[in-house]
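Working notes for the structure below.
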Amino acid sequence: MVVLLKPLRIQDAEAVVAAEDHLTVRWFSGGVSTVAGTRAYVERLMSAAEQRSTKRAFGIWVEGAFVGTIDYSLEVTDGLDPGDVNIAYGVAPWVRSQGVATDAVIQVRDLLRARRVGSRAAIRADLRNPASVRVAEKAGFTLLRVAPSTSEVDEAGQPVVFHIFVRDLRA
Ligand SMILES: CC(C)(COP(=O)(O)OP(=O)(O)OC[C@H]1O[C@@H](n2cnc3c(N)ncnc32)[C@H](O)[C@@H]1OP(=O)(O)O)[C@@H](O)C(=O)NCCC(=O)NCCS
């Protein structure tokens, strides 16, 4: 299975919405997506990238089909150190557990190295989401620290506890 990353485009909005389920909402997007909202999000990303934003988002494609998104950003600071590039991802339910997210993370890590963005790639995983922890481990990331979030709370109003996995970009 060939996994390709392509910069996320406005015309991918329908596919982003179609690929979303309750797990995507809970662990990645943070809310139920709409086509209009996703188009606006991509537009905001594009204009921010023309300014100073380091955030870049990609569609994940498998055999010509859009199956998810992955993004990276140096601007995420909660739980991270300066130079850490946060990576976040979500893939459609119908392609899960086939190595797609792990492949995408490895490709983003290679891209960060090639573009010389940041010094460490980071994944902030919640232990209640074992699939994401497993992706970090399979992509060669190691646990750096466990840190309570300063910006996100769980259903009980308590800080989300991040398990922060990192992989050096300069080694
Ligand atoms: C997390 C997510 C992106 C993983 O995508 P994926 O393409 O299925 O990932 P991979 O196939 O590369 O690896 C998933 C691993 O988790 C394992 N896994 C899946 N569900 C699991 C569960 N409930 N408990 C334990 N392991 C689980 C899979 O078996 C696989 O491990 P293996 O290869 O050792 O068998 C996908 O589940 C998803 O989109 N979830 C919703 C959004 C999300 O959680 N994003 C992460 C925020 S950073």
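The values are calculated or read from the model by the stated rules, or taken from the named source; none is laboratory data. Source: prediction; values computed, not measured. In this analysis, Cβ positions are derived from the backbone assuming ideal geometry, glycine residues included, and neighbour counts consider all displayed protein chains. For accessibility, only protein heavy atoms count, side chains too; no ligands or nucleic acids. Shrake-Rupley method; radii C 1.70, N 1.55, O 1.52, S 1.80 Å.
Would you mind calculating the gained length between L23 and R96 on full extension (0.36 nm times residue separation, minus the Cα-Cα distance), in nm to one decimal?
25.1 nm
Compute the signed sum of charges (Lys and Arg +1, Asp and Glu -1) over the other residues within less than 15 Å, Cβ to Cβ, of L45.
+2
How large is the Kirkwood hydrodynamic radius of region 69-150, counting all unique pairs of alpha carbons, in Å?
After inverting the pairwise mean of 1/r, the radius is 13.2 Å.
Once both labels are modelled 7 Å past Cα along the beta-carbon direction, what's the Q51-A171 spacing in nm?
Each label point is offset 7 Å from its Cα along the Cβ direction, giving 3.6 nm.
Among residues other than T34 whose Cβ falls under 13 Å from its Cβ, what is the net charge (Lys/Arg +1, Asp/Glu -1)?
It works out to a net charge of -1.
Per residue, how large is the accessible surface of region 53-144? Use a 1.4 angstrom probe and give square angstrom.
43
Loop-only check: which trypsin sites (Lys or Arg not before Pro) in region 49-106 are DSSP coil with at most 11 other Cβ within 10 angstrom?
R52
Suppose the chain between L143 and S119 were pulled fully straight at 0.36 nm per residue; how much longer would it get relative to their current alpha carbon spacing?
The L143-S119 span can extend by a further 7.0 nm.
Can you tell me, using C-alpha contacts under 8 Å and at least 6 residues apart, the relative contact order of region 26-108 as a whole percent?
It rounds to 21 percent for region 26-108.
Using only alpha carbon positions, build the gyration tensor of region 24-171, then give the equivalent ellipsoid semi-axes as the square roots of 5 times its eigenvalues, largest first, whole angstrom.
Listed largest to smallest, the semi-axes of region 24-171 are 21, 19, 18 Å.
May I ask you to list the GluC sites (Glu not before Pro) in region 1-97 that are in a DSSP loop and have at most 13 other Cβ atoms within 10 Å of their Cβ?
Answer by residue number: E63, E75.
Leaving out ligands, DNA and RNA, what percent of the accessible area of the chain is carbon and sulfur, probe 1.4 Å?
Its accessible area is 55 percent carbon and sulfur atoms.
Enter the mean projected area of the convex hull around the alpha-carbon atoms of region 1-111, in nm², rounded to one decimal.
7.1
Find the centroid of the Cα atoms in region 54-103 and in region 127-162, then give the distance between the two in whole Å.
The distance from the Cα centre of region 54-103 to that of region 127-162 comes to 15 Å.
At 222 nm, what helix-only mean residue ellipticity would the chain give, in deg cm²/dmol to the nearest 500, using -39500 (n - 2.57) for each DSSP H run of four or more?
-8500 deg cm²/dmol
At 0.36 nm per residue, and after removing the present C-alpha to C-alpha distance, how many nm does the segment from E75 to N129 gain when stretched out fully?
Fully extending the segment from E75 to N129 adds 17.1 nm.
Relative contact order (percent) for the chain, with alpha-carbon contacts under 8 angstrom and 6 or more residues of separation?
In percent, rounded to a whole number, it is 19.
Roughly what would the spin-label model give for L111 and T150, points 7 Å off Cα along C-beta, in nm?
So the label points at L111 and T150 sit 2.8 nm apart.
Show the residues, 5+ positions off or on another chain, whose built amide H is closer than 5 Å to the amide H of S149.
Excluding prolines and chain starts, which carry no amide H, the hits are V160, V161, F162.
So which GluC sites (Glu not before Pro) in region 91-166 pass both tests, a DSSP loop state and at most 14 other Cβ atoms within 10 Å of the Cβ?
Here the sparse-neighbourhood loop sites are E155.
Tell me whether region 120-171 comes out rounded, prolate or oblate; compute the Cα gyration tensor, take square roots of the eigenvalues as a ≥ b ≥ c, and use a/c under 1.5 as the rounded threshold.
It is oblate, given that a/c is not under 1.5 and a/b is not larger than b/c.
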